[in-house]
Amino acid sequence: MMTEERYNQYKSDFNAACAGDDNGFSDFYDKYYEPGAVFEYIPNATKNVGKEVVVSFWQHVHGLMHEEIKPHRSFLSSDTSVATEAPIDFLCKKDMEWVGVKHKAGSSFRLLMSAFYDLSENGKFKYVRVYSIYHPDYQVR
């Protein structure tokens, strides 16, 4: 079972990996994910399977923007799964488009993320579905 305390450590470790160079993602993956885990990012319905592909996805995002998961609004956990909802703040490193919205370098935006994690017998993530929603009402004012 993933406790709320452990999940908060997961978020803290992810934010630390995002704050550094992109070398921290590999160790982060090993600590929290099964080797062949699936990380599905929606709205694209992109499935990233396995450490190399998932870490490469995180590194790609890291090259575009700085990401920070904020304190979650809700957290539910059982022996086999975790569900959370949290805002994520992004600071754009380049002019870019994300979730259909154009952003300038130096600008920031917020997504509301809902994530559903399936846990292995080892208590690591084996399947993750992340739903990210952009809406003007979610932006920091």
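The values are calculated or read from the model by the stated rules, or taken from the named source; none is laboratory data. Model, not experiment: these values are computed from the prediction. All Cβ positions, glycine included, derive from the backbone under ideal geometry; neighbour counts span all protein chains shown. Side chains are part of the model used for accessible areas, which takes the heavy atoms of the whole protein and leaves out ligands, DNA and RNA. Shrake-Rupley method; radii C 1.70, N 1.55, O 1.52, S 1.80 Å.
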- Residue tally, condition open to solvent by 60 Å² or more (accessible area, probe 1.4 Å), within 20 Å of Glu97 (Cβ to Cβ) and hydrophobic (A, V, I, L, M, F, W, C), over the range 35-84: 1
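Regarding Ala17, is this residue in contact with a helix residue (DSSP H, G or I) (Cβ under 6 Å, 6 or more places away or on another chain) and either surrounded by 15 or more Cβ atoms within 10 Å (Cβ to Cβ) or assigned to a strand (DSSP E or B) (or both)? Write out each step before concluding.
Details: in contact with a helix residue (DSSP H, G or I) (Cβ under 6 Å, 6 or more places away or on another chain): yes; either surrounded by 15 or more Cβ atoms within 10 Å (Cβ to Cβ) or assigned to a strand (DSSP E or B) (or both): yes.
The answer is yes for Ala17.
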- Item | Residues satisfying the stated conditions in the range 42-52, i.e. under 14 Å from the mean Cα position of the chain (by Cα) and either of a type in the set (Asp, Glu) or at pLDDT 90 or above (or both) | Lys47, Asn48
- Message: Here's a check for you: in the range 94-107, which residue that is in a strand (DSSP E or B) and of a type in the set (D, E, K, R) is most open to solvent (accessible area, probe 1.4 Å)?
- Response: Lys102
- the range 108-141, residues that are modelled with pLDDT of 90 or more, open to solvent by less than 40 Å² (accessible area, probe 1.4 Å) and more than 16 Å from Asn44 (Cα to Cα): Phe109, Tyr117, Leu119, Ser120, Gly123, Phe125
- Any residue in the range 47-75 that's in contact (Cβ under 8 Å) with a residue 12 or more places away in the chain: show its pairings with residues that are small (Gly, Ala, Ser) at Cβ separation under 6 Å, as long as the two are six or more apart or on different chains. Gly50/Gly36; Val55/Ser26; Ile69/Ala86; Lys70/Ala86; His72/Ala86
- Note on the structure: Within the range 21-34, the count of residues that are buried (at least 17 other Cβ atoms within 10 Å of the Cβ) and touching a residue at least 12 places away in the same chain (Cβ under 8 Å) comes to 6
